[in-house]
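K.L.:
Handing you a structure now.
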Amino acid sequence: MKEIVDSGELGAITKIEASLAVSHLFVKDGDIRLVYELGGGAMMDMGCEFDIVVSRFLTVQSLAGYTLSMLRYITSADPTKIISAKADMDPKYPQIDTGTTATLSFPSPGGNTEPADGLTGTLYAHFRLPPLLGFLPQWSKVFVRVTGTRGTVELNNFPCPWLYHPITIESSEHEGGRMRKRTEKQYGNLGWTTQVSSCFRHLLLSDVNGYVCRYRYQLEAFIDKLRGRNPGHWYDAQDSRTCNGSRPSTKRLVTILSSIPVPFSSASLLRSSLSVPASSC
């Protein structure tokens, strides 16, 4: 998807949308994602995790990134401004967000970062979509969509592309021209059946037909770091703080959100969505 965006096929990029929202059945009461002291909340969980894995047998990277990380990955930049942000809350868990919607400003190719003229990115992270009519589970909304002056590209199921990941492209040769639509899938040389079965078997961290699931790569990178070696891919402390911010050991939401020293982070976005003044204590 990023190759398509970077190729210029879509023209000048004007908008990016990233959504990871799942039914309330996925995260039930008692789940650690609802525990504030363990870094709970939709934005802290679904906003920032990002993994890249490259297998020598695959033509596509096994990439699992969540909403804010995907916006940063596609734009190759950090957001410069929070245009709007809103958090969904549950009275049973008043210290965390069960969902966050936010629109951010990113540097445009011309260097203009004003929301009216620059590139905007909208994220939607929610791990407890309320049931329809009080009992019907909502269908998951898991996609990344990029809009340009000459077309759009949409990737479905970006967190688990090894299972399925249709990439739908609509583009024209020039602005206002005839739109042509195509769908691409990149399951590599192994094919879909082998890749999916292999990945399930890799829950045991085994090597099947030369394919290693991303969890094996994560473990190997962690071991390399502990042993003083240089992992193939690693997020340093500064990049982690840029995405997540720091979380002091306090139970007061206002205090934690108002004390983040990072210019932009998930915490600063949450502070905006919850309308907490920067000077509040």
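Read-outs: derived from the displayed coordinates by stated rules, not from any lab. Fair warning: this is a prediction, and the values are worked out from it, not measured in the lab. Methodologically, a virtual Cβ is constructed for each residue, glycine included, from the backbone with ideal geometry; neighbour enumeration extends over all protein chains shown.
K.L.:
Need one number: nm distance between label points at Ser140 and Met179, each 7 Å from Cα along Cα→Cβ, rounded to one decimal.
P.N.:
Computed distance between label sites Ser140 and Met179 equals 2.7 nm.
K.L.:
Okay, next question. On a straight-distance basis, which lysines could pair with Lys86 in a cross-link, Cα separation under 18 angstrom, same-chain partners fewer than 8 positions away excluded?
P.N.:
Lys141
K.L.:
Under the rule of at least 5 residues apart or a separate chain, name every residue whose amide H is placed under 5 Å from the amide H of Asp90.
P.N.:
Counting only residues 5 or more places away or on other chains, the set is Thr98.
K.L.:
Residue by residue through the stretch 66-77, what is 3J(HN,Hα) from phi via Karplus (6.51 cos²θ - 1.76 cosθ + 1.60, θ = phi - 60°)? Round to whole Hz and write x for glycine and proline.
P.N.:
Whole-Hz 3J(HN,Hα) from phi for the stretch 66-77: 9, 3, 5, 5, 5, 4, 5, 5, 5, 7, 6, 7.
K.L.:
So who's got an amide H within less than 5 Å of the one on Leu129, skipping anything under 5 residues away but keeping other chains? H placed 1.01 Å off N, in plane.
P.N.:
Under 5 Å from the amide H of Leu129 lie the amide H atoms of Val22, Ser23, His24, each far enough along the sequence or on another chain.
K.L.:
A follow-up question, please. Tell me, what HN-Hα J-couplings in whole Hz come from the Karplus equation 6.51 cos²θ - 1.76 cosθ + 1.60 at θ = phi - 60° for each residue of the stretch 146-155, using x for Gly and Pro?
P.N.:
10, 10, x, 6, 10, x, 9, 9, 10, 10
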